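The values are calculated or read from the model by the stated rules, or taken from the named source; none is laboratory data. All figures in this text were calculated on a predicted structure; none of them were measured in a lab. Cβ sites come from the backbone with ideal geometry, for glycine too, and all protein chains shown count toward neighbours. The accessibility values were calculated without ligands, DNA or RNA, using every heavy atom of the protein model including side chains. Shrake-Rupley method; radii C 1.70, N 1.55, O 1.52, S 1.80 Å.
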Amino acid sequence: MPEEQKQTTMAVDELQAIIQRCQILEEADFKGEDFNLFQVAGQKCLEDGYAAQLLEVIQNEKNKVIIKNMGWNLISPLVRCIFVYKKEDDKREHCLKILEKLAQLCNPKELFLGLLEQIEQTSGERVCQTVMLLLQPLQTVLLKLQNKKAYSVGVSLAMIMNQLTPLPVPYTKQQIQEDKLGLCQCCNAVVDFTKPFVNEVVKNMEKSSEYNDMELKEELLKFCMKSLKYPLLTAQLEELEGIDEHPFRHFAAEIIDILWDIKELIPLVFLHRKSKNPEWENQEFADIEQKNTADSLACLSYLMVAQHFGIDCFPMVFSPSYLLQCNMMNIEVLLKRTEESILSKGLDLFESCLLRVEDNSLLHQYLEFRDFINVPQDLVKVMTLCPIEHLRKKSLSILQLYINKFDTEGKHTLFRCLLKTSNHAGVEGYVIKNIKDQIHLSLTKACDNTWFIGHHLISLLDLVFLLPEGAETDLLQHSDRIMASLNLLRYLVIKDCENDNQTGVWTMIPRIEQNFLKPLHVGLNMSKAHYEAEIKNKKENKKEAQSPNTVCSVTVSGEKMPAMTTEMQLQVLHSALFTFDLIESVLARVEELIEVKIKAVMDENS
């Protein structure tokens, strides 16, 4: 007999010897040694390719008690062998049947711990494969448990999600289609795993409206909240051309369905109802838990409001303004993030809420809520700091949309806030342009708008016609704001006659000259002199070096610019001078208009 066949026969014979020995023992008489010998012999059969013989032993009715007590020890070697064999290999099929039989025959408590241990020990590329392999036997075991079922379901789901969370979420169409690690498939398999437990909760709730056994419901709620944070918060959830059934959209729909079935969907969306979190003694842990909950609720709102998941469940009685109010906290959470996938969800959610609201209908009192002030400030940060161009552009269009929704007093308050907090000349210039548009509406329409004429407007214009640091203000850095301010002043002087003075600008002229026009003249003279001197120095240095491509550095607006040739530096300096000339030209025109208007009134009075 060949040596290999002898070893194989020995493995099977050893297993049979252990089985025969244990068959004559009572269940209570099994010893630790018996467990060890059974595990070693069974593992050797699996590793030596004799899964078929092991399956026969397990299927034998006479061995039922032995398998019930000892079978769970085979889970670890069984999982290893399943991954070793190829899918078409008969030995793999035998291993899968053994796993199925163990789930039916073993002590549920022992097998439950064995299965969880396997899930906990897996890592890397094997995580999703292992989870999907063990979900069915784990579900079978959990359904058998009588005591602590809810706790065991919760531990299982928490373990599975903890193992999945470190895996990268496929984002592009190609990544989703490839599903390299199997995450898309695994997430949907986990949802299917929960369905018997969801059905159990639903049935119990139907039996009694005062259903008190909330443990299983709470565990399912925790799972849904974790799923909303991962993978759904970072997943690409837009419909993708060429993918008939988007795996993450399907997963999202299933999570929404679970929340609806256990009657938690509407409380979460509108009442911000939270699952029963543990009382953390460590404040750091409590803060993490609070942040995770906020992320999950924000993702849920995005799914329902922006992507219309669960739209059939959505109450139609709420006004658009109330819907916006309910979601401002969620929008704020999303806009504070920097990841493209999350930030884009915040912008989409904000836009979806705003599009439901009629222009000029949002009452100014909403700005008394902290979130209604914080969100536009976060939007400004996206506009000015986000490195992704299409998100910057979208945030600008949403800011305009937000402005349009407020009544005139609300617009006035919002403009004041943005001028005081944005700290960005481009944004301030944009706000000033909006102020000009509102003044134009007030002057040309027969509407009762007192917020952009008279004393209300004057308080706003005091913030507009101002140089932040007087004559020493960096005019290049603030050029957008300065040009917008000058254009607004030119418009007011032309449109509003001094005799009418509807806007109150003529009352302000002495103050505007003192705080804005005169310091601007001084600043322009200083800036032009500085840049002209820089240009002269560069040209002289260039002649001395006799090399047009000499690389050196230049400081503009207090910041050192990247290394560039002298020619490039000269272009930058000339561009700055052109900006100053442009400002000076508009400034001269404004002062000329003021002078002409004042002279005309004086002539008229005389």
Failed criterion for residue 146 (all others in (1) in contact with a helix residue (DSSP H, G or I) (Cβ under 9 Å, 6 or more places away or on another chain); (2) surrounded by fewer than 18 Cβ atoms within 10 Å (Cβ to Cβ); (3) part of a helix (DSSP H, G or I) hold): (3)
Where residue 322 falls short, out of the listed (1) modelled with pLDDT of 95 or more; (2) more than 24 Å from residue 171 (Cβ to Cβ); (3) of a type outside the set (A, V, I, L, M): (1)
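Answer with yes or no whether residue 109 is modelled with pLDDT of 90 or more, open to solvent by 40 Å² or more (accessible area, probe 1.4 Å) and farther than 21 Å from residue 148 by Cβ.
Numbers: modelled with pLDDT of 90 or more: yes; open to solvent by 40 Å² or more (accessible area, probe 1.4 Å): yes; farther than 21 Å from residue 148 by Cβ: no.
Taking the combined requirement at face value, the residue does not satisfy it.
Just to be sure I understand, how many residues within segment 322-363 are of a type outside the set (Phe, Trp, Tyr) and open to solvent by less than 30 Å² (accessible area, probe 1.4 Å)?
Counting residues in segment 322-363 that are of a type outside the set (Phe, Trp, Tyr) and open to solvent by less than 30 Å² (accessible area, probe 1.4 Å) gives 24.
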Hits in segment 231-272 (condition: closer than 14 Å to residue 221 by Cβ and open to solvent by less than 30 Å² (accessible area, probe 1.4 Å)): 255, 256, 258, 259, 262, 264, 265, 268, 269
Candidate set: segment 505-531, residues that are over 19 Å from residue 592 (Cα atoms) and either in contact with a His (Cβ under 8 Å, 6 or more places away or on another chain) or among the hydrophobic types (A, V, I, L, M, F, W, C) (or both); chosen: the one least open to solvent (accessible area, probe 1.4 Å): 529
Test: residue 408 is open to solvent by 50 Å² or more (accessible area, probe 1.4 Å), over 21 Å from residue 339 (Cβ atoms) and among the hydroxyl-bearing types (Ser, Thr, Tyr): no
Complete set of residues in segment 294-321 that are assigned to a helix (DSSP H, G or I) and over 15 Å from residue 337 (Cα atoms): 300, 301, 303, 304, 305, 306, 311, 312, 313, 320, 321
Close pairs from segment 357-382: first farther than 17 Å from residue 335 by Cα, partner part of a loop (DSSP other than H, G, I, E, B) and not basic (Lys, Arg), Cβ under 7 Å, at least 6 apart: 360/407; 362/407; 363/407; 364/407
Leading residue by the ranking (least open to solvent (accessible area, probe 1.4 Å)) among those in segment 84-106 that are over 17 Å from residue 66 (Cα atoms) and in a loop (DSSP other than H, G, I, E, B): 85
Members of segment 465-481 found to be in a loop (DSSP other than H, G, I, E, B) and open to solvent by 20 Å² or more (accessible area, probe 1.4 Å), listed by number: 466, 468, 469, 474, 476, 477, 478
Yes/no for residue 598 being assigned to a helix (DSSP H, G or I), touching a helix residue (DSSP H, G or I) at 6+ places or on another chain (Cβ under 7 Å) and surrounded by 12 or more Cβ atoms within 10 Å (Cβ to Cβ): no
Selected residue (only one of 70, 159 is touching an Asp or Glu at 6+ places or on another chain (Cβ under 8 Å), among the aliphatic types (A, V, I, L, M), over 20 Å from residue 193 (Cα atoms) and without any contact (Cβ under 8 Å) to a residue 60 or more places away in the chain): 70
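Could you pull out the residue among 367, 396, 379, 391 that is over 23 Å from residue 450 (Cβ atoms), over 17 Å from the mean Cα position of the chain (by Cα) and at pLDDT 95 or above?
Working: 367 fails: over 23 Å from residue 450 (Cβ atoms); 379 fails: over 17 Å from the mean Cα position of the chain (by Cα); 391 fails: over 17 Å from the mean Cα position of the chain (by Cα).
Step by step, each of 367, 396, 379, 391 is checked, and only 396 is over 23 Å from residue 450 (Cβ atoms), over 17 Å from the mean Cα position of the chain (by Cα) and at pLDDT 95 or above.
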Search result, residues across segment 181-217 that are open to solvent by less than 20 Å² (accessible area, probe 1.4 Å), modelled with pLDDT of 95 or more and assigned to a helix (DSSP H, G or I): 183, 184, 186, 187, 190, 191, 193, 194, 197, 198
Residues being surrounded by 22 or more Cβ atoms within 10 Å (Cβ to Cβ) and closer than 27 Å to residue 53 by Cβ - total across segment 113-129: 2
